[in-house]
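Step one of this worksheet: look at the structure below.
No lab work stands behind these numbers, since they all come straight from the coordinates. These numbers were taken from a predicted model, which means no experiment stands behind them. Backbone-built Cβ (ideal geometry, glycine too); neighbour counts: all protein chains shown.
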C-alpha cells in the first residue's frame, strides 16, 4: 500500500496537529512506505517529508488517505472532499481533539491520535460507531533537542530566572495577561510566532509554563515545555489530562479558573524547589512516554493493521 497524508492547503500558524501529520508522513517514508504529503509545507520547523501540491497528486485504489481532525469544518470541507473524490483505499483520521470531527462518513475506517482519556469520551462525544477502530498515537517530542543542558547552554543553568513565566498566546490572551499581571513580581515572556530556536531559548530562561486553552488536543508546546523541565500549569482541556498528572508532572487547575491559574503560579514562584521537582518529573515522563522511537514503532504497528 501507498500513503498520502493530506494537510490543510494554506499557510497556518505552527500547530501540533499539522506537525503531527508531517511527522506521520516522514516516519512512513523512513520505513520504506511510498508516502507523500499533499498540501502546504509546514515551514515553521521543516520535518523532511516530501510535500506536493494537490494538482500534482494522482492517487489510486491502493493509496491510504490520512486526514486531519476537523476535516468537515466549513473552511476545510471543500478541499478535503475534493481529495476524497479521487481514487483511494482505506482512510484514517488523525485526531488530537475530541468533538472536532464528524464521524458519520462511510470512508472513515480508522481513528488515530486519541489518548487514553480522550478514548473514554470519544465514543459518546463524537458518536463514533462502536465497531470503528480508535487507536492511540501520541505526538512525540525530540527530547534530545528539547532539553535544558545543551551546546550553548550553561551546565549550572545560571541563565534561568526562578519564578519567571512563559505562556503561549495562541489562545486565551486575555486570561494569560490577567495571570501575568497577578504574578507580576517575576518576568513574563510571551510566545507568539517564535522559531523553534527562539522558543527553546525562552524555555531555558523561564521557570514556569502556563497554557490556558479552551480547546486543545495533544499540545506540542506543552510537550516541549515539559521536556525542557518547566513546571507546567494548565487546564484540563481536550487531551491535556492525557499528559499532565496533577501534582506529579505538572499542575492542573479547573477549566476556565483564571484565579486558580494565578494562585497556582504564585505558589510555585514562592516554592522554587517544588517548581524544579515538577519540571524534572515532567521531563522524565516525556522521555518515557513521548519518544520519537516509540512514536515510530506505534505508527508502523498501526500501519500494519490497516486493511489492504
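At an R0 of 41 angstrom, the distance between the Cβ atoms of residue 297 and residue 254 translates into a FRET efficiency of 0.70.
A simple spin-label model places pseudo-atoms 7 Å from Cα toward Cβ; at residue 280 and residue 79 they are separated by 4.5 nm.
Which order do the peptides 50-58, 32-40 take when ranked by the mean count of other beta-carbon atoms within 10 Å per residue, highest first? Walk me through the numbers before you get to the answer.
Working: 50-58: 12.2, 32-40: 19.1.
Output ranking for 50-58, 32-40: 32-40, 50-58.
For region 165-289, report the convex hull volume of the alpha-carbon atoms normalised per residue, in Å³, without decimals. Mind dumping the intermediate values first?
Numbers: hull volume 11.1 nm³, N = 125.
That works out to 89 Å³ per residue.
Residue exposure proxy: 295, 65, ordered by other Cβ atoms within 10 angstrom of their Cβ from fewest to most, comes out as 295, 65.
Quote the FRET efficiency, to the nearest 0.05, computed for residue 174 versus residue 267 with a Förster distance R0 of 22 Å and r equal to the Cβ-Cβ distance. Could the numbers behind the result be given before it?
On the way: r = 22 Å, r/R0 = 1.02.
E(calc), rounded to 0.05, equals 0.45.
On full extension, the segment bounded by residue 245 and residue 86 gains 52.9 nm, given 0.36 nm per residue less the C-alpha separation. Here the contact order of region 165-289, divided by its residue count and restricted to Cα pairs under 8 Å and six or more residues apart, works out to 26 percent. Spacing of the modelled spin labels on residue 305 and residue 214, each 7 Å from Cα toward Cβ, amounts to 3.5 nm.
Subtracting the Cα-Cα distance of residue 197 and residue 182 from their residue separation scaled by 0.36 nm leaves 2.5 nm.
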